[in-house]
Structure formats: structure tokens, C-alpha cells
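Reading through the C-alpha cells given below for one structure.
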Amino acid sequence: QVQLVETGGGLVQAGGSLRLSCAASGRPISSYAMGWFRQAPGKEREFVAAIDWSGGRTYDADSVKGRFTISRDNAKNTVYLQMNSLKPEDTAVYYCIADGSFTGWGTGRRFDFWGQGTQVTVSS
């Protein structure tokens, strides 16, 4: 089992930045591809970004390309999501995911482990 705890959410004005962290425990995250999803009120969960085991490959949703950057530090068992140029439509609960595969992140497939989420609110 992998336990994931997200931190770093909060309230920020449009155009601002936030950095989310996802601390893992239970197993080394070096065994997993990692990623972020988000869910806005009344909407389905939406893929945001994913990163492979070594951090050499990343995959971003079109809606966040050029603004969000996913990274990982396997030594710290932590994944990050740097969010810049935030927009009100980025308001959502952001979830960290660990999964055994780097494929299919933009699809509706199931993933192995989820965190509890952290709220990000962007005011206009």
C-alpha cells in the first residue's frame, strides 16, 4: 500500500502561483508513475499531469500546458505540482495518484492509489 498526502493548496488571486506537494509513505515512489488529477464542484475528475518513474518523461493536459510543471524527488518520496499563471477555472480539489503504469493517464481508467486531495481556490 502507498499512502499519499497532498499539501500546499490554498486561496490565491488569478495570475498567482502555488506549489502542491504529495508526500508518499509505505513504499518508495520510485516504483510508480505519479500524477495529479483535479475535480471542480459539479464536474468530473480531470487529468492534470503525470510523470514517469525517473522523472524523464512528463505528460500534461492541454488546459495546463505551459503553466503547470510536475516534478518528483524520489529520495524524498515526494511529487510536486508547480502551478503558475493560475486562473479561476483552475479552482478544484487536487488529488495525487500513484500508479504502476505511465500509459493511459488521460483516459478514464482506474489508478492504484489516491490521496485525499487539497483544495485550490483561485479568485478573480
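The values are calculated or read from the model by the stated rules, or taken from the named source; none is laboratory data. Please read all numbers here as calculations on a predicted model, not as lab measurements. All Cβ positions, even for glycine, are placed from backbone atoms using ideal geometry, and neighbour counts span all protein chains on display. Side chains included, ligands, DNA and RNA excluded: accessible areas come from the protein's heavy atoms. Shrake-Rupley method; radii C 1.70, N 1.55, O 1.52, S 1.80 Å.
For the stretch 42-124, what log10 I(q)/I(0) values come out of the Debye formula at q = 0.12, 0.13, 0.15 1/Å, with one point per alpha carbon and no solvent?
Log-scaled intensity ratios, in q order: -0.35, -0.42, -0.56.
Excluding same-chain residues fewer than 8 positions from residue 87, which lysines have a Cα within less than 22 Å of its Cα?
43, 65
What is the antiparallel percent of DSSP beta bridges lying wholly in the chain, to the nearest 5? Walk me through the numbers before you get to the answer.
Working: 37 of 41 bridges.
Expressed as a percentage, antiparallel bridges in the chain total about 90.
Note the full-extension length gain between residue 44 and residue 69 as 0.36 nm times their separation in residues minus their Cα-Cα distance, in nm to one decimal.
Working: separation 25, 0.36 × 25 = 9.00 nm, distance 2.20 nm.
The span from residue 44 to residue 69 would gain 6.8 nm if fully extended.
When 1/r is averaged over all different Cα pairs and the result inverted, which Kirkwood radius in Å belongs to the stretch 60-101?
11.9
Percent relative contact order of the chain, based on C-alpha pairs within less than 8 angstrom and at least six residues apart? Before the final figure, lay out the partial values.
Details: 303 pairs, mean separation 44.3, N = 124.
The normalised contact order for the chain reaches 36 percent.
Can you give the net charge of the other residues whose Cβ lies under 13 Å from the Cβ of residue 29, counting K and R as +1 and D and E as -1? Please report the intermediate quantities before stating the final value.
Working: positive: 27, 72, 76; negative: 52, 73, 99, 112.
Spelling it out: positives minus negatives among the neighbours equals -1.
How large a share of the accessible area of the chain, in percent, is made up of carbon and sulfur atoms when the probe is 1.4 Å and the other protein chains stay in place?
Of all accessible area on the chain, carbon and sulfur atoms account for 47 percent.
Under the 0.36 nm per residue contour assumption, what length would be gained going from the current alpha-carbon distance of residue 57 and residue 101 to full extension?
14.6 nm
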